[in-house]
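Some notes on the structure that comes next.
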Amino acid sequence: MVRGVPKINHPNQLCEACLLGKHARKSFPKESLSRATKPLQLVHADVCGPFNPQSFGKSSYFILFIDDFTRKTWVYFLKHKSESFEIFKRFKTRVEKESGFEIKALRTDRGGEFTSNEFKAFCELHGIRRHMTVPRTPQQNGVAERKNRTVLNMARTMLKSKEMPKEFWAEAVACAVYLLNRSPTRSLEKITPQEAWSGWKPSVKHLRVFGSICYVHVPEQQRTKLDDRSKKMVFLGYDESSKGYKCFDPIAKKVVISRDVEFEEDASWNWNTQKGEMYHFLPHQEEKKDDEEQEIEGNNSTPSTPSSSDQPPVYRSINDIYNATERMNGDNLFCLFMNDEPLSFEEAIKEKKWIQAMEEEIHSIEKNDT
């Protein structure tokens with residue numbers, strides 16, 4: 001390449017100047033060098049948030065727990081990070097009862113929610129080893145970090161696909177975790193996390209599109225003979241404590257759990273109208289201008305603006321129509337009753353037409369001998 005360069009032997013020692021000028025972080029392994037061999041031998045955990053806006057349940061965070069062996073994931077929602085300790089105790093009791101195994105180790109970052117004195121004391125009391133990341137090195141908690149990213153990407157996409165309000169982020173996150181537990185993963189061979197954890201192959205025939213329109217059967221005890229037998233709602237996910245669907249009523253603003261649901265998966269609720277009102281089709285109307293009152297007789301020229309039929313249709317809600325409608329004053333209402341029938345006999349005999357009508361009626365009665 002060039003000539004005249006002397007042979008240089010690289011010294012087998014540190015160069016301070018090189019370190020100060022070029023020091024970079026060490027590379028991270030693409031995959032974990034070791035895997036758990038039994039359920040709950042190692043549990044990964046991470047808190048994600050805060051989220052703005054809060055969920056409908058007033059939560060601002062969620063925490064994920066991932067079993068390293070089965071890759072089964074659990075999600076809990078928190079109003080404050082300080083609730084993480086109580087949530088972990090609930091999680092520990094639940095999974096140990098379900099599996100028959102005990103949590104051996106917990107891997108987290110060094111967030112304050114995981115490093116409190118009571119959290120440390122609890123883990124020491126129950127013999128749980130702590131694996132904590134080096135400060136500012138979330139890569140060492142890669143399983144939980146990657147799962148967080150996957151869950152958030154899925155939740156964000158589900159909300160966007162149906163144009164749902166961001167307040168439903170918690171429902172979207174819970175639905176994403178439910179689906180991931182029933183989906184294949186590279187960490188397991190020909191098996192889903194749900195099957196690896198429970199031992200039975202899960203069914204997916206009940207899965208539906210998140211945020212789609214659904215029709216929930218109204219129980220006989222909650223309706224009369226002529227009431228609708230179904231109510232239009234929005235599908236929000238699956239109830240893990242029962243074989244039912246979680247459906248949201250945008251009008252009553254409440255969640256209903258039901259198994260008697262029919263889905264219209266291609267349709268979505270119109271969240272842009274107040275209280276979910278359906279839009280009504282109306283032709284586009286331009287505002288009248290002062291010069292429109294001029295005489296136009298004999299003018300055969302083509303108008304410079306397009307006709308109303310050329311204008312694109314717009315949609316207006318019932319509230320918009322009501323607010324734009326002029327109210328009738330008292331005089332207009334009074335005119336509606338000007339020619340009304342008399343209210344008494346005294347009023348009737350004051351007018352000839354009512355006297356004539358009464359005479360004709362009496363004559364008809366006498367003639368028919370009724």
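Okay, here's what the table says:
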quantity: Given (1) in contact (Cβ under 8 Å) with a residue 40 or more places away in the chain; (2) at positive phi; (3) out of contact with any helix residue (DSSP H, G or I) (no Cβ under 6 Å at 6 or more places or on another chain), number of the condition G237 does not satisfy; calculated: (3)
quantity: Selection status of E113, in a helix (DSSP H, G or I), under 28 Å from the mean Cα position of the chain (by Cα) and of a type in the set (D, E); calculated: no
quantity: Qualifying position, being assigned to a loop (DSSP other than H, G, I, E, B), surrounded by fewer than 20 Cβ atoms within 10 Å (Cβ to Cβ), in the same structural domain as F62 (by TED's automatic domain parsing) and more than 11 Å from the chain's Cα centre (by Cα), among K190, K205; calculated: K190
quantity: Of the criteria (1) in contact with a Gly (Cβ under 9 Å, 6 or more places away or on another chain); (2) not in a strand (DSSP E or B), which one F77 fails; calculated: (2)
quantity: Any hit, the range 239-246, residues being closer than 13 Å to C175 by Cβ, in a loop (DSSP other than H, G, I, E, B) and not assigned by TED's automatic domain parsing to the domain that holds V177; calculated: yes
quantity: Every pair of residues 6+ apart whose Cβ atoms lie under 8 Å, when the first sits in the range 175-191 and is closer than 18 Å to A155 by Cα while the second is assigned to a helix (DSSP H, G or I) and among the β-branched types (V, I, T); calculated: A176/T150; A176/V151; V177/V151; L180/T150; L180/V151
quantity: Output for the range 208-232, where each listed residue is surrounded by fewer than 10 Cβ atoms within 10 Å (Cβ to Cβ) and β-branched (V, I, T); calculated: T224
quantity: Any pair with Cβ under 8 angstrom, 6 or more apart, that starts in the range 207-221 at a residue that is without any contact (Cβ under 8 Å) to a residue 60 or more places away in the chain and closer than 13 Å to R259 by Cβ and ends at one that is assigned to a loop (DSSP other than H, G, I, E, B) and not acidic (D, E); calculated: C214/R208; H217/R229
quantity: Test: A36 is modelled with pLDDT of 95 or more and either in a loop (DSSP other than H, G, I, E, B) or over 26 Å from the mean Cα position of the chain (by Cα) (or both); calculated: no
quantity: Residue satisfying condition, being out of contact with any Cys (no Cβ under 7 Å at 6 or more places or on another chain), surrounded by 13 or more Cβ atoms within 10 Å (Cβ to Cβ) and not assigned by TED's automatic domain parsing to the domain that holds A172, within set K38, K72, K79; calculated: K38
quantity: Residue selected from the range 87-103 under the condition farther than 15 Å from V47 by Cβ and aliphatic (A, V, I, L, M), by the criterion nearest to the chain's Cα centre (by Cα); calculated: V95
quantity: Counted residues, the range 181-195 - those being among the small types (G, A, S) and in contact with a Lys or Arg (Cβ under 7 Å, 6 or more places away or on another chain); calculated: 1
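The values are calculated or read from the model by the stated rules, or taken from the named source; none is laboratory data. Fair warning: this is a prediction, and the values are worked out from it, not measured in the lab. Here Cβ is always computed from backbone atoms with ideal geometry, including for glycine, and neighbour counts include all displayed protein chains.
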